[in-house]
Amino acid sequence: MSEYNRKINFGAGPAMLPLPVLEKIEEDLFNYKNTGMSVMEMSHRSAFFMEILTDTKNKLKKLMNIPDTYEILFLQGGATLQFSMIPANLVMENEKIGYVISGVFASKAFEAAGRYCNPINIADSTKDNFDYIPEIKNIPDDLKYIHITGNNTAIGTAYKDAPKTKVPLIADWSSAILGQEINVSDYALIYAGAQKNMGIAGLTVVIVKKDLILPAGKIGNRIPELLKYEKQIASDSMINTPPTFAIYVLSLLCDWISEMGGVSAIEKINQEKAQIIYDIIDAEDAYTSTINPKDRSIMNVTFNLKNEEMTKRFLSMADEEGFVGLKGYKLRGGIRASLYNAVTKEETMRLASFMKKVARDLK
Ligand SMILES: *Cc1c(COP(=O)(O)O)cnc(C)c1O
């Protein structure tokens with residue numbers, strides 16, 4: 001690693017890419033498969049790019065075991081645009097989607113939905129700073145869907161399993177997709193911005209059960225044609241120019257995950273990495289966590305030091321160590337170590353040794 005003088009980026013996203021993926025990008029950069037150009041410079045209608053698009057879908061389908069009844073869409077606008085696109089494409093204005101308000105992005109999704117449907121707050125941990133995944137208690141019987149955030153990036157909580165309910169689930173899995181196994185059949189729709197665990201910014205992946213999408217005609221003029229799933233499906237995510245380079249990077253990332261043994265093998269490593277850090281948080285007096293232990297995320301590990309001053313010292317020592325991105329989410333403070341797929345176990349162990357040393361120094 002040191003040959004490139006790289007830092008270890010524990011940031012929440014855009015996040016680190018695996019070194020072999022970066023090296024493959026470099027290898028392909030000036031002349032992709034003898035085309036005489038990079039993927040960035042290539043027509044999205046060219047046979048070479050069409051092959052990348054189809055292959056990437058197939059690779060993702062295989063890695064995540066996506067059934068044939070689902071469509072995979074490569075869109076733009078981030079996970080944030082899906083906060084609006086989802087209700088606009090799945091329900092009519094008077095229909096209800098239940099929202100579990102488990103974090104910062106969950107709140108945003110709930111707020112955005114108000115323009116397109118009747119969003120219902122069905123579980124909420126706002127008053128306790130989102131320290132746990134709130135339990136769904138009362139489900140109104142006319143709910144069409146329930147929206148959850150699988151992994152709460154800013155907070156450091158996550159669902160271990162999809163909540164059991166008869167109402168079809170929609171999940172924002174932006175920060176854990178491809179980092180842990182997700183049973184796609186548990187969901188009507190899964191979406192994720194690519195820049196955390198699926199590559200680079202600019203690409204949003206939507207995996208949606210085909211038969212649940214409202215026909216474009218029924219949706220009418222409340223959203224542009226570009227934002228209608230039915231239209232995107234009909235044109236293979238190519239109504240206009242898709243984020244070509246980001247799709248190509250996802251393709252390389254899928255190859256890398258396969259070489260690592262698939263998502264289950266990656267999840268095992270991610271579990272081990274997270275445990276290394278949680279063990280130190282639990283063992284050292286210098287660190288505290290307010291997160292309900294059973295809801296701990298394996299992707300974003302959050303903790304606090306005794307006070308603001310110590311947090312600052314921790315961060316400045318981390319900086320000297322070549323660690324970046326450890327500052328906690330702005331409204332929450334403290335420390336957040338994002339341990340996405342590209343962060344190796346060895347790098348996680350370096351953070352662990354550092355945390356032990358700092359705990360001694362700050363005594
Ligand atoms: C990062 C993130 C978002 C926002 O993603 P954008 O791609 O920036 O719109 C939404 N939800 C979750 C869970 C995230 O981690």
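Within segment 108-117, does at least one residue satisfy the condition of being over 30 Å from Lys57 (Cβ atoms), touching a Cys at 6+ places or on another chain (Cβ under 7 Å) and not in a helix (DSSP H, G or I)? No, that holds for no residue. Summed over segment 95-154, the residues that are among the aliphatic types (A, V, I, L, M), over 20 Å from Pro168 (Cα atoms) and away from the ligand (no atom under 16 Å from the Cβ) give a count of 0.
One residue stands out among those in segment 283-318 that are surrounded by 12 or more Cβ atoms within 10 Å (Cβ to Cβ) and of a type in the set (Lys, Arg): the one that is farthest from Lys345 (Cα to Cα), which is Lys306. Annotation: of all residues in segment 146-167 being hydroxyl-bearing (Ser, Thr, Tyr) and buried (at least 24 other Cβ atoms within 10 Å of the Cβ), the one that is nearest to Glu111 (Cα to Cα) is Thr149. Could you count how many residues in segment 320-336 are part of a loop (DSSP other than H, G, I, E, B), within 19 Å of the chain's Cα centre (by Cα) and within 16 Å of Met355 (Cβ to Cβ)? The qualifying residues number 3.
Any idea which of Ile276, Ile207, Ile280 is outside any loop (DSSP other than H, G, I, E, B), buried (at least 19 other Cβ atoms within 10 Å of the Cβ) and away from the ligand (no atom under 16 Å from the Cβ)? Unique residue meeting the criteria: Ile280. For the criterion of being open to solvent by less than 20 Å² (accessible area, probe 1.4 Å) and more than 24 Å from Val39 (Cβ to Cβ), Val263 passes.
Inspection of segment 7-20 identifies no residue that is modelled with pLDDT under 95, assigned to a helix (DSSP H, G or I) and open to solvent by 40 Å² or more (accessible area, probe 1.4 Å).
From the list Lys144, Lys127, Lys137, the one residue that fits, being basic (Lys, Arg) and either in contact with a Pro (Cβ under 6 Å, 6 or more places away or on another chain) or in a loop (DSSP other than H, G, I, E, B) (or both), is Lys137.
The values are calculated or read from the model by the stated rules, or taken from the named source; none is laboratory data. Predicted model only: the values in this text are computed from it and were never measured. Note that we place each Cβ from the backbone using ideal geometry, even for glycine, and neighbour counts take in every protein chain shown. Surface areas here come from the heavy atoms of the whole protein model, side chains and all, with no ligands, DNA or RNA. Shrake-Rupley method; radii C 1.70, N 1.55, O 1.52, S 1.80 Å.
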